[in-house]
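Please read the structure below before turning to the comments.
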Amino acid sequence: MERRTFLSLATKAVAIPVLGQGVAMGTEAGQVQMVPAGEDFEGVKRLMGFSRLTIKVGAEQTLGGLFVIEQHFVKKGGPPRHMHPSQDEWFYVMEGEFVFEIGEPGKAKRTTMSAGDSVLAPRGLPHVFSFISENPGRTLVAFTPAEKIEAFFRKVSVEGAPVPLTKELLEQYGMVFVGPPLSI
């Protein structure tokens, strides 16, 4: 999918709830669904080891073109270094501080990001991040195309039972394990 298509889908996903014209509840493609602040589009509580996440746009809503989550970080940390062979991943920091590395291990530039900063991790490029703030943090993360990523987040965000992010688990959902989480 071209970057222009990604931006078009992302803009539509954000614009539809903002317009607020005849908000109809539903999760199928073409239906408008307003998702309140701090809520999941299905009203489900989802916890990972280092964050609580809310699904804002499900893959079905965009015919698999886009998947968007908001992550609320409750403790320091992040996922292992990984890559998506056929997905772009965009991060927007809403609150807190994060360290990101995008690129081949040993060649990736380490960048600290805070509220208002964003970065694109293009498909095929390894990336890793870690939440580093003492206070809570939040990010908005978009994936295009959606592929198996929604199923992955549903699997790893079972309330009360965090699932370890192993090499085998990442591969099962179309990702490639590249290395351990960032040590901060």
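Read-outs: derived from the displayed coordinates by stated rules, not from any lab. Computed from a prediction, not measured in an experiment: that's the story for all the values here. With ideal geometry, Cβ positions are generated from the backbone for all residues, glycine too; neighbour counts draw on all protein chains shown.
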Seminar exercise, completed: Under 5 Å from the placed amide H of Gly137, counting only residues 5+ away or on other chains, we find Phe73
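Can you put Ile184, Ile132 in order, fewest other beta carbons within 10 Å first? Provide the component values of the computation, followed by the final result.
Values: Ile184 11, Ile132 18.
Fewest-to-most ranking of Ile184, Ile132: Ile184, Ile132.
Quick one: compute the contact order of the stretch 53-174, relative version, from alpha carbon pairs under 8 angstrom and 6+ residues apart, as a percent. Could you put the intermediate results ahead of the total?
Details: 266 pairs, mean separation 39.6, N = 122.
Relative contact order for the stretch 53-174 comes out at 32 percent.
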Problem set entry | Mean projection area, nm², convex hull over Cα of the stretch 62-184 | 7.2 nm²
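For Val158 and Leu125, calculate 0.36 nm times their separation in residues minus their Cα-Cα distance, and state this gained length in nm to one decimal.
Working: separation 33, 0.36 × 33 = 11.88 nm, distance 2.80 nm.
Extra length available between Val158 and Leu125 comes to 9.1 nm.
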Seminar exercise, completed: Counting sequence-distant residues (5 or more places) and residues on other chains, those with an amide H built under 5 Å from that of Met48 are Leu53
Seminar exercise, completed: Looking only at lysines whose Cα falls under 28 Å of Lys75's and that sit 8 or more positions away or on another chain, we get Lys45, Lys56, Lys107, Lys109, Lys148, Lys155, Lys167
Exercise. For Val35, what is the net charge nearby, where nearby means another residue's Cβ is under 10 Å from its Cβ and Lys, Arg count +1, Asp, Glu -1?
Worked result: -3
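As a test of understanding, state the convex hull volume per residue of the stretch 61-124 from its alpha carbons, in Å³. Let's see the in-between values first.
On the way: hull volume 6.7 nm³, N = 64.
Looking at the stretch 61-124, the number lands at 105 Å³ per residue.
Can you give the translational diffusion coefficient of the stretch 103-146 in µm²/s, computed by Stokes-Einstein from the Kirkwood radius over Cα pairs at 10 °C and 1.306 mPa s? If you can, show how the numbers build up before the last one.
Numbers: Rh = 12.5 Å.
The estimated diffusion coefficient comes to 127 µm²/s.
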Exercise. Can you run phi through the Karplus equation (6.51, -1.76, 1.60; θ = phi - 60°) for the stretch 43-51 and list ³J(HN,Hα) in whole Hz, with x for Gly and Pro?
Worked result: x, 9, 8, 10, 10, 10, x, 10, 7
Seminar exercise, completed: For Ser130, the net charge from surrounding residues (Cβ-Cβ under 13 Å; K, R +1; D, E -1) works out to +2
For this session: Could you pull out every residue, at least 5 positions away or on a different chain, whose amide H is within less than 5 Å of the one on Leu66? Hs are placed 1.01 Å off N in the peptide plane, and Pro or chain starts have none.
Result: Ala146
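How would Arg81, Arg110 line up from fewest to most surrounding beta-carbon atoms within 10 angstrom? Before the final figure, lay out the partial values.
On the way: Arg81 20, Arg110 12.
Ordered from fewest to most neighbouring Cβ atoms within 10 Å, Arg81, Arg110 come out as Arg110, Arg81.
Got a sec? How would Val163, Val35, Val128, Val57 order by Cβ neighbour count within 10 Å, fewest to most? Could you put the intermediate results ahead of the total?
Numbers: Val163 13, Val35 17, Val128 23, Val57 27.
Result, fewest neighbours first: Val163, Val35, Val128, Val57.
Taking R0 as 30 Å, what's the FRET efficiency between Lys45 and Gln172 from their Cβ-Cβ distance, rounded to 0.05?
Details: r = 24 Å, r/R0 = 0.78.
Once the sixth-power term is evaluated, E becomes 0.80.
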